[in-house]
1. Looking only at segment 130-166, how many residues end up being among the aliphatic types (A, V, I, L, M), under 23 Å from His192 (Cβ atoms) and out of contact with any His (no Cβ under 9 Å at 6 or more places or on another chain)?
2. For segment 220-236, does any single residue satisfy the condition of being touching a residue at least 12 places away in the same chain (Cβ under 8 Å), assigned to a helix (DSSP H, G or I) and either aliphatic (A, V, I, L, M) or farther than 14 Å from Ser60 by Cβ (or both)?
3. Suppose we keep only residues that are farther than 22 Å from Leu126 by Cα and free of Cβ contacts under 8 Å to residues at least 12 places away in the same chain within segment 71-108. Which one would you say is surrounded by the fewest Cβ atoms within 10 Å (Cβ to Cβ)?
4. What tally of residues in segment 8-27 results from selecting those that are among the basic types (Lys, Arg), without any contact (Cβ under 8 Å) to a residue 40 or more places away in the chain and buried (at least 16 other Cβ atoms within 10 Å of the Cβ)?
5. Given (1) in contact with a helix residue (DSSP H, G or I) (Cβ under 8 Å, 6 or more places away or on another chain); (2) at pLDDT below 90; (3) not basic (Lys, Arg), identify the lone condition not met by Thr35.
6. Do we find that Arg36 is surrounded by fewer than 19 Cβ atoms within 10 Å (Cβ to Cβ) and among the charged types (D, E, K, R) in this structure?
7. More than 17 Å from Glu9 (Cβ to Cβ), among the basic types (Lys, Arg) and surrounded by 18 or more Cβ atoms within 10 Å (Cβ to Cβ): is that true of Arg159 in this structure?
8. Is one or more of the residues making up segment 124-135 touching a helix residue (DSSP H, G or I) at 6+ places or on another chain (Cβ under 7 Å) and more than 17 Å from Pro188 (Cα to Cα)?
Amino acid sequence: MYAMVSVNEYITHRYYQHAEFNKNETLKKVWCFFTRQTEAPKVGGGGHIEHHAETLDDMSLKVDDGWMQSEPAKVLAGNTYRGTAFEWDITGLMTLQMMITCVPVLAIMGFGPSAMASLILGSTFLHALVWNSLHPAMHGLNEVPLADGVPSLWFSRFRDSKYYEYLYENHQGHHVLSGKCNYNVCCPLVDHVLGTYVEPEDWKAKARMPIGSEHREFYPAGEYARNLAEKAAAKAIRDASDSQQAEVVAA
């Protein structure tokens, strides 16, 4: 089940979220063959490409005016988790995808319907637990409550573990190299099989800031909201000062 989750995570991340499906003629032909369509759809990525554009190499998110007024930033406007969390709708899609890919494999292995359901639902739920406790907070976004998705705090205790340390470093390499490697976020495996894994010593040399010297917590949940609030407060102070100066000049 770990291997199946890794396969699904890799496919979704690389070919849907990074829209590499659009560049892969083989996948397009396979899609047309099974759907009986003459033309494959164009994948947008669900805001993930924009998420990469707003992420700095220390994993914090941009809040400068130039970025906030850009077209990519507008795509993410109103998205509470900036495309980083497994909200309930995404968890549902992952479950459906797991059913499609896992049922044939599990049937060949001799599992019955109830066992299949338990394995698929259990592994998908566990994946969402790891994802939500890892991904939003590492980018400084708020913790995910039960109302929005699988709660991030349920597994937050593991953020100090060697496993999470490895996942964090692995995903940071994915961002530093512009999403061209380390596609597995929670279940590293397929990257190693297909040769898309890059060792830390290789990607750290290409980071746009010295890794380890950025003085930022690994999981500063709420950082993005605080940065926006500080920016808004600073703007309010500047506006008030400009208004006072204008009144003095007018007087």
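The values are calculated or read from the model by the stated rules, or taken from the named source; none is laboratory data. Remember, predicted model here, so these are calculated numbers, not experimental data. Quick reminder, even Gly has a Cβ in these numbers, built from the backbone with ideal geometry, and neighbours come from all protein chains shown.
1. Within segment 130-166, the subset among the aliphatic types (A, V, I, L, M) is 130, 134, 137-138, 141, 144, 146-147, 150, 153.
Right, trim to under 23 Å from His192 (Cβ atoms) and you get 130, 134, 138.
Then keep just the ones that are out of contact with any His (no Cβ under 9 Å at 6 or more places or on another chain); that gives 130.
Matching residues across segment 130-166 total 1.
2. Yes - at least one qualifying residue is present in segment 220-236.
3. Gly78
4. Step one: list which residues in segment 8-27 are among the basic types (Lys, Arg), which gives 14, 23.
If we keep only those that are without any contact (Cβ under 8 Å) to a residue 40 or more places away in the chain too, we end up with 23.
Now narrow it down to the ones that are buried (at least 16 other Cβ atoms within 10 Å of the Cβ): none.
Of the residues in that region, 0 qualify.
5. Every condition holds for Thr35 apart from (1).
6. Numbers: surrounded by fewer than 19 Cβ atoms within 10 Å (Cβ to Cβ): yes; among the charged types (D, E, K, R): yes.
Spelling it out, Arg36 is indeed surrounded by fewer than 19 Cβ atoms within 10 Å (Cβ to Cβ) and among the charged types (D, E, K, R).
7. On the way: more than 17 Å from Glu9 (Cβ to Cβ): yes; among the basic types (Lys, Arg): yes; surrounded by 18 or more Cβ atoms within 10 Å (Cβ to Cβ): yes.
Yes: the conditions hold for Arg159.
8. So in segment 124-135, the residues touching a helix residue (DSSP H, G or I) at 6+ places or on another chain (Cβ under 7 Å) come out as 124, 127-130, 132-134.
From what is left, the residues that are more than 17 Å from Pro188 (Cα to Cα) are none.
Taking every residue of segment 124-135 in turn, none turns out to be touching a helix residue (DSSP H, G or I) at 6+ places or on another chain (Cβ under 7 Å) and more than 17 Å from Pro188 (Cα to Cα).
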